[in-house]
Amino acid sequence: MCTGPLSACAILNQAASARVNQRAVIRRALRDHSAAITESDGTALGAAEVRLTDIARHAERARDADAMRGLEGEAAQVYFAFFDYLIRSQKEEFRFVGRSRRPPLDAVNAVLTFLNTAHRASIDQVTKMRRL
């Protein structure tokens, strides 16, 4: 198990937990937009929720940072596989076919990269302020 609040494993556990907790986003999509979701898409979203739950269970028992990185990566793969289902308006302009970075290849990836950069900057600022 991870030891210490500032261990690499503990920090990665928090990152993986945030990714895995996208289960709530899937549940909300299924609940709020069930009329617009096809049966096959609903099945795919349900399978993604189950897989994220399974990853969460494995994350609780992860023993080191490498295991956590692997689980976070797997959770990201599951998350981005269903991401296009969550875009509810302007589907033609904001179609998501996969994650791309450096440079982002479409509007959705540009927004994701921008938000990740802003989030990272705030984390860096807090880290420097706390002298961690």
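For segment 81-94, name all the residues that are under 19 Å from residue 30 (Cα atoms), exposed (fewer than 15 other Cβ atoms within 10 Å of the Cβ) and either within 9 Å of the chain's Cα centre (by Cα) or among the charged types (D, E, K, R) (or both).
88, 91
Let me spell it out: the conditions are (1) touching a residue at least 12 places away in the same chain (Cβ under 8 Å); (2) within 23 Å of residue 29 (Cα to Cα); (3) not acidic (Asp, Glu), and residue 62 meets all of them except one. Which number is the exception?
Of (1) touching a residue at least 12 places away in the same chain (Cβ under 8 Å); (2) within 23 Å of residue 29 (Cα to Cα); (3) not acidic (Asp, Glu), only one is false for residue 62: (2).
Do we find that residue 48 is in contact with a Ser or Thr (Cβ under 8 Å, 6 or more places away or on another chain), within 25 Å of residue 14 (Cβ to Cβ) and assigned by TED's automatic domain parsing to the domain that holds residue 25 in this structure?
For residue 48, the condition - in contact with a Ser or Thr (Cβ under 8 Å, 6 or more places away or on another chain), within 25 Å of residue 14 (Cβ to Cβ) and assigned by TED's automatic domain parsing to the domain that holds residue 25 - is not met.
Here is a yes/no grid of residues against (1) farther than 18 Å from residue 47 by Cα; (2) of a type outside the set (Asp, Glu); (3) free of Cβ contacts under 8 Å to residues at least 24 places away in the same chain:
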site	(1), (2), (3)
75	no, yes, no
84	no, no, yes
87	yes, yes, yes
91	yes, yes, yes
105	yes, yes, yes
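List the helices (runs of 4 or more DSSP H) that sit entirely inside segment 11-98 and contain at least 2 residues that are under 23 Å from residue 110 (Cβ atoms).
23-32, 65-82
Determine whether segment 69-78 contains at least one residue that is closer than 30 Å to residue 57 by Cβ, out of contact with any Phe, Trp or Tyr (no Cβ under 6 Å at 6 or more places or on another chain) and of a type in the set (Lys, Arg).
Yes, that holds for at least one residue.
If you scan segment 99-121, which residues turn out to be among the polar types (S, T, N, Q) and either touching a Cys at 6+ places or on another chain (Cβ under 6 Å) or assigned to a helix (DSSP H, G or I) (or both)?
Result: 109, 113, 116, 117.
I want to confirm something. Restricting to segment 28-68 and keeping residues that are of a type in the set (D, E, K, R) and closer than 12 Å to residue 82 by Cβ, which single residue is modelled with the lowest pLDDT?
Once the filter is applied, the top-ranked residue is 41.
Checking the structure you have, find out if any residue of segment 90-101 is under 22 Å from residue 14 (Cβ atoms), modelled with pLDDT under 80 and either in contact with a helix residue (DSSP H, G or I) (Cβ under 8 Å, 6 or more places away or on another chain) or assigned by TED's automatic domain parsing to the domain that holds residue 117 (or both).
Yes: one or more hits.
The values are calculated or read from the model by the stated rules, or taken from the named source; none is laboratory data. In this text, all values refer to a predicted model and were calculated from it rather than measured experimentally. Here the Cβ is made from the backbone with ideal geometry for all residues, glycine too, and neighbour counts use every protein chain on show.
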